[in-house]
Amino acid sequence: MDKIEAVFFNSETNNAKLQFIFAICFPFFTVLALGIDSVFFTEHYFNGRQITNLLGVLYFAGFFYASKSHLRKLMLVMVWLSYIGELIFCKLLGMYEYRTPAIPLYVPFGHAIVYASGYVYAYTEWSINKELHLRKYFLVFFVLLFLGVGIFLKDYFSLFFGILFFGLLKRKSWQNLYCFVAFCVIFIELAGTYFKCWAWVPNVFGYIPTSNPPMGAVFFYAGGDVLLAKIVGVWENKKKIE
């Protein structure tokens with residue numbers, strides 16, 4: 001290995017480590033950022049929305065810098081795709097609302113961070129080696145989760161869309177990537193509703209009972225992830241042709 005190859009290899013290794021650090025720190029960053037944007041923080045100190053916006057953009061930028069080309073494309077497209085999703089599900093369909101009328105700036109960047117974290121978890125050496133075992137645990141977890149909220153919380157929205165989530169997983173060959181991302185989604189939804197940064201309506205679409213947050217929301221994220229992969233796939237194929 002010559003000096004140029006050695007420098008490139010060390011750079012790739014360092015970036016991989018940094019990327020993993022960003023993914024591992026995702027839950028801690030989420031609690032910090034959403035805590036600053038919380039109703040409690042606003043009422044007892046000041047409106048920290050702009051601080052959370054700045055933190056979200058900076059964390060995204062750092063994660064983006066540490067990532068390889070493919071994940072960078074996924075993150076960039078996810079920002080715009082998730083913003084469109086916010087306009088549809090929040091503003092048009094009214095499935096949930098933020099503590100202020102406007103969609104926070106950090107939200108689309110946060111969606112990209114969520115996806116990138118799940119992506120990194122799914123493609124670690126450990127996750128790949130334990131793929132079949134993890135798949136079994138994930139499937140059992142999500143079955144119990146959707147049944148549990150459906151039976152005990154009367155969250156029929158989650159029960160119905162949980163079934164669709166499994167249908168999507170089957171169509172995508174039960175890839176653990178979607179489960180890792182869904183797990184990250186559940187965490188951020190629980191944190192966001194706990195801090196009252198946003199809240200889901202009691203009856204989605206006006207008549208489907210749900211909880212706050214509904215676990216079935218992972219289906220919409222998973223559907224967005226499928227669309228995301230297709231868009232980036234077209235982007236990369238177009239560049240190869242050129």
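The residue that is nearest to Val39 (Cα to Cα), counting only those in region 195-223 that are open to solvent by less than 20 Å² (accessible area, probe 1.4 Å) and under 17 Å from the mean Cα position of the chain (by Cα), is Cys197. Taking the numbered list (1) open to solvent by 30 Å² or more (accessible area, probe 1.4 Å); (2) in contact with a helix residue (DSSP H, G or I) (Cβ under 7 Å, 6 or more places away or on another chain) in turn, Ser117 passes all entries but (1). Regarding Phe63, is this residue open to solvent by 20 Å² or more (accessible area, probe 1.4 Å) and aromatic (Phe, Trp, Tyr)? Here the answer is no, as Phe63 does not meet what is asked. Of the residues making up region 189-218, those that are aromatic (Phe, Trp, Tyr) and modelled with pLDDT of 95 or more number 4.
Go through region 20-70 and tell me which helices (runs of 4 or more DSSP H), entirely inside it, have 1 or more residues that are among the aromatic types (Phe, Trp, Tyr) and under 15 Å from the mean Cα position of the chain (by Cα).
Hits in region 20-70: 26-36, 49-66.
Before we move on, is Tyr96 open to solvent by 50 Å² or more (accessible area, probe 1.4 Å) and either of a type outside the set (Phe, Trp, Tyr) or in contact with a strand residue (DSSP E or B) (Cβ under 8 Å, 6 or more places away or on another chain) (or both)? Before you say what the answer is, go through the steps one by one.
On the way: open to solvent by 50 Å² or more (accessible area, probe 1.4 Å): no; either of a type outside the set (Phe, Trp, Tyr) or in contact with a strand residue (DSSP E or B) (Cβ under 8 Å, 6 or more places away or on another chain) (or both): yes.
Here the answer is no, as Tyr96 does not meet what is asked.
Note on region 102-114: among residues that are at pLDDT 95 or above and not in a helix (DSSP H, G or I), the one that is most open to solvent (accessible area, probe 1.4 Å) is Leu105. Just give me the residues in region 133-180 being among the polar types (S, T, N, Q) and more than 20 Å from Gly206 (Cβ to Cβ), in sequence order. Selection gives Ser173, Gln175, Asn176. List pairs: first residue in region 147-164 and of a type in the set (Val, Ile, Thr) and at pLDDT 95 or above, second residue buried (at least 22 other Cβ atoms within 10 Å of the Cβ) and not in a helix (DSSP H, G or I) anywhere in the structure, Cβ distance under 7 angstrom, at least six positions apart or on different chains. Taking only residues 6 or more apart or on different chains, the pairs are Val149/Asp155. In the condition set (1) under 27 Å from Pro104 (Cβ atoms); (2) free of Cβ contacts under 8 Å to residues at least 40 places away in the same chain; (3) open to solvent by less than 20 Å² (accessible area, probe 1.4 Å), Val181 is compliant with all but (2). Give just the number: which of (1) surrounded by fewer than 13 Cβ atoms within 10 Å (Cβ to Cβ); (2) on the phi > 0 side of the Ramachandran plot; (3) not small (Gly, Ala, Ser) does Trp174 not satisfy? Of the numbered conditions (1) surrounded by fewer than 13 Cβ atoms within 10 Å (Cβ to Cβ); (2) on the phi > 0 side of the Ramachandran plot; (3) not small (Gly, Ala, Ser), the odd one out for Trp174 is (1).
The values are calculated or read from the model by the stated rules, or taken from the named source; none is laboratory data. These numbers come from a predicted model, not from an experiment. Methodologically, a virtual Cβ is constructed for each residue, glycine included, from the backbone with ideal geometry; neighbour enumeration extends over all protein chains shown. Quick note on the areas: whole protein, heavy atoms, side chains included, nothing else; ligands and nucleic acids left out. Shrake-Rupley method; radii C 1.70, N 1.55, O 1.52, S 1.80 Å.
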